[in-house]
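Working notes, structure below.
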Amino acid sequence: MLEVGVNQIVRMLHFIYNALLDVDFRYLELFDPDTNSFLWYQRLSLTALSRGLTWAEAAGEFAGESIDSVVGQLTDFFSDYEREKKGTVLAENMLEDFRRGERGVFLHSPPEVKGIVLDCLLHDWWVTPGFIDESDKKVQVAKEILPTFQSWRDFHETVVRMNPDGLARLDEFGNNLHRLFDFVGMGKPERQLFIHQLKDEAAIAGRPVKLDPFGVCRVCDIV
C-alpha cells in the first residue's frame, strides 16, 4: 500500500511542476493555503536532496515522521552551523540526483527549493581552502544547476530566494546574481550574454522537463 501511495505522490509532484511551468512559476490556485500543500512540496524536495534520497524514498520516510521532526531536520541542515561541510554533502547528493535525469528531484523543484540549495552551496566559498580548483564538487553542481532553469522567471525567482529560508528578497537580486556568477567563474561578457539570452523566455509546459531549453548555457559555453 505504501509503495502505491508513494508512486502516486511522485506522479502528483511531476503534475504540480508541470502546472508551475504552465503559469511560468506564478501563483497556482491548486495549492490550498489551508493545507500548506506547496510548503510540503518544498519540504519533500529539500528532504530528498539533503539526505540523498529519491522523491519516492523521501515520501516513504515522511510517512513515519512528525511535522516537527521534518522541519527540525531541514532547519538544522540548512542553518549556518557547519554549512560548508553540509554544502559538500549536498553537492554529492545533487550529483547523484542529476544522474537520475527525468527521475531527479531537483529538476522538478520550484525556485523556493533551488534558491535554498544554491545558497547552501555558495556559503562562504571564498574562504574555503583549496577552493580555487574548479573541479570542486560545489562548482560542478552549480554549473549543472544553470541548465535546469526553464525560464527567466524561474531563474529570477530562484536568485532572489538564495537564503536559508527560501524567502523572496528582491533587494538582494543583484548581490546574489554576482555571488552565483562569481562562483561558477563567469566573466562579464558571459554574464551579460546569459541574461540577454534568458531574459524574455517563458517556461514551456506539457513535455518532459528539458535541460537548457533555450540553449542559453550552450551559447555561453557554461557546460
| task | Could you work out the Kirkwood radius for segment 162-223, taking every pair of different alpha carbons, averaging 1/r and inverting it, reported in Å? | result | 13.4 Å
| said: Under 10 Å, Cα contacts only: if you run a Gaussian network model on the chain, which one of Pro189, Pro110, Pro164 comes out with the highest mean-square fluctuation? | reply: Pro189
| Candidates Ser66, Ser45, Ser109, ranked by Gaussian network fluctuation over the chain, Cα under 10 Å, top entry | Ser66
| field | Pairs of lysines in segment 2-220 (C-alpha under 22 Å apart; 8 or more residues apart or interchain) | value | 19
| request: Work out how much length Trp40 to Asp76 would gain on full extension: take 0.36 nm times their residue separation and subtract the Cα-Cα distance, in nm to one decimal. | output: 11.2 nm
| field | Three semi-axes of the equivalent ellipsoid, segment 2-220, Cα gyration tensor, whole Å, largest first | value | 26, 21, 16
| request: Mind checking which of Leu39, Ala142, Pro110 is farthest towards the positive end of the chain's charge dipole, using Cβ charges of +1 (Lys, Arg) and -1 (Asp, Glu) about the Cα centre? | output: Ala142
| task | Over the Cα atoms of segment 44-164, compute the convex hull volume and normalise it per residue, giving Å³. | result | 101 Å³
| Selection from Ser151, Ala48, Thr75 lying farthest towards where the dipole of the chain points positive, charges on Cβ | Ser151
| task | Take the chain, connect every pair of alpha-carbon atoms lying under 10 Å apart with a spring to form a Gaussian network, then pick out the residue of Thr75, Thr54, Thr158 with the largest mean-square fluctuation. | result | Thr75
| request: Describe numerically, in nm with one decimal, the distance between label points set 7 Å from Cα along Cα→Cβ at Leu28 and at Glu96. | output: 2.6 nm
| Cβ-placed point charges (K, R +1; D, E -1), dipole of the chain about Cα centre in debye, nearest 20 | 540 debye
| 222 nm mean residue ellipticity, helices alone, for the chain (DSSP H n ≥ 4; -39,500 (n - 2.57); rounded to 500) | -17500 deg cm²/dmol
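Taken together, the values in this text are just the output of simple stated rules run on the coordinates, not laboratory data. The shown structure was predicted, so the numbers you read here are calculated from the model rather than taken from an experiment. Note that each Cβ is placed from the backbone with ideal geometry, even for glycine, and that neighbours are counted across all protein chains shown.
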